[in-house]
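Novice: To start, I am sharing the structure in question, which I have written as structure tokens.
The values are calculated or read from the model by the stated rules, or taken from the named source; none is laboratory data. Since this is a predicted model, take the numbers as computed values, not measurements. Heads up, the Cβs are rebuilt from the backbone with ideal geometry, glycines too, and the neighbour counts pull from every protein chain shown.
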Amino acid sequence: MAGRPREFDADDARDIAMRLFWSQGYDATSLNDLLSAMGLSKSSFYQTFESKLSLFESCLNRYREILVGTMTAGLANAPSAIEFINFAIVDVANDTSDPLGRRGCLMMNTATEFAQRDPGIARCVEAGIQATRDVFLEAITAAQAAGDIDSTARTEVLADYLVTIVSGLKTQVKAGASHDRIADIAKLTVVALQRMT
């Protein structure tokens with residue numbers, strides 16, 4: 001006889017958990033916090049997600065999908081690659097006016113919280129950073145082809161540079177930096193990028 005069908009949407013429940021982890025961090029989010037936010041019993045939770053750690057890995061993968069999907073669409077719809085890069089950096093300043101934006105980046109928060117203490121989580125973080133880097137790499141290559149960035153500049157280094165800058169800016173937003181401070185740093189970054197060789 002088949003078991004009772006689930007009366008909840010696992011993807012929706014996972015997304016609720018992702019937002020909770022993003023706000024509180026992994027260690028500070030208890031199982032009871034998750035059950036309450038997701039509206040699940042313990043049995044439903046373990047049947048669907050196996051463990052808190054397994055759920056967290058799934059949340060990190062989902063976060064990566066959303067982030068990279070948003071970036072890829074942004075690059076595809078931007079008037080030019082350099083304008084996409086400019087927006088991707090300068091737009092971080094807008095996080096300062098959004099309480100949710102003050103959470104920082106889930107990937108970077110996790111890298112700070114976990115370091116290398118769990119191999120599975122480390123792989124998720126690495127995959128997230130690499131996926132972001134790949135979008136920036138595509139944008140930089142296109143900007144070089146258009147003459148907006150020096151074609152002799154080291155493309156991969158510039159992609160790493162952008163990942164580092166965006167991560168740092170998001171961390172500063174989380175720490176309480178003002179809109180103007182973030183915007184000034186972001187604008188300087190774009191100017192510096194176009195002068196790098």
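Novice: Can you name every residue in region 6-29 that is of a type outside the set (A, V, I, L, M), within 24 Å of residue 114 (Cα to Cα) and exposed (fewer than 12 other Cβ atoms within 10 Å of the Cβ)?
Specialist: 27 - this is the single residue of region 6-29 that is of a type outside the set (A, V, I, L, M), within 24 Å of residue 114 (Cα to Cα) and exposed (fewer than 12 other Cβ atoms within 10 Å of the Cβ).
Novice: Looking at this structure, is residue 153 over 20 Å from residue 63 (Cα atoms), touching a residue at least 12 places away in the same chain (Cβ under 8 Å) and crowded, with 19+ Cβ neighbours inside 10 Å? Show your work before the answer.
Specialist: Details: over 20 Å from residue 63 (Cα atoms): yes; touching a residue at least 12 places away in the same chain (Cβ under 8 Å): yes; crowded, with 19+ Cβ neighbours inside 10 Å: no.
Judged against the criteria, residue 153 is not a match.
Novice: I'm checking my understanding of the structure. Among residues of region 163-197 that are without any contact (Cβ under 8 Å) to a residue 24 or more places away in the chain and within 13 Å of the chain's Cα centre (by Cα), which one is nearest to residue 151 (Cα to Cα)?
Specialist: It comes out as 164.
Novice: OK, next. Take residues that are closer than 16 Å to residue 87 by Cα and at pLDDT below 90 and tell me which of the helices (runs of 4 or more DSSP H) falling wholly in region 113-197 contain 2 or more. Spell out the reasoning first.
Specialist: Values: elements: 119-145, 155-175, 179-195.
Because the criterion is at least 2 residues that are closer than 16 Å to residue 87 by Cα and at pLDDT below 90, the helices (runs of 4 or more DSSP H) in region 113-197 that meet it are 179-195.
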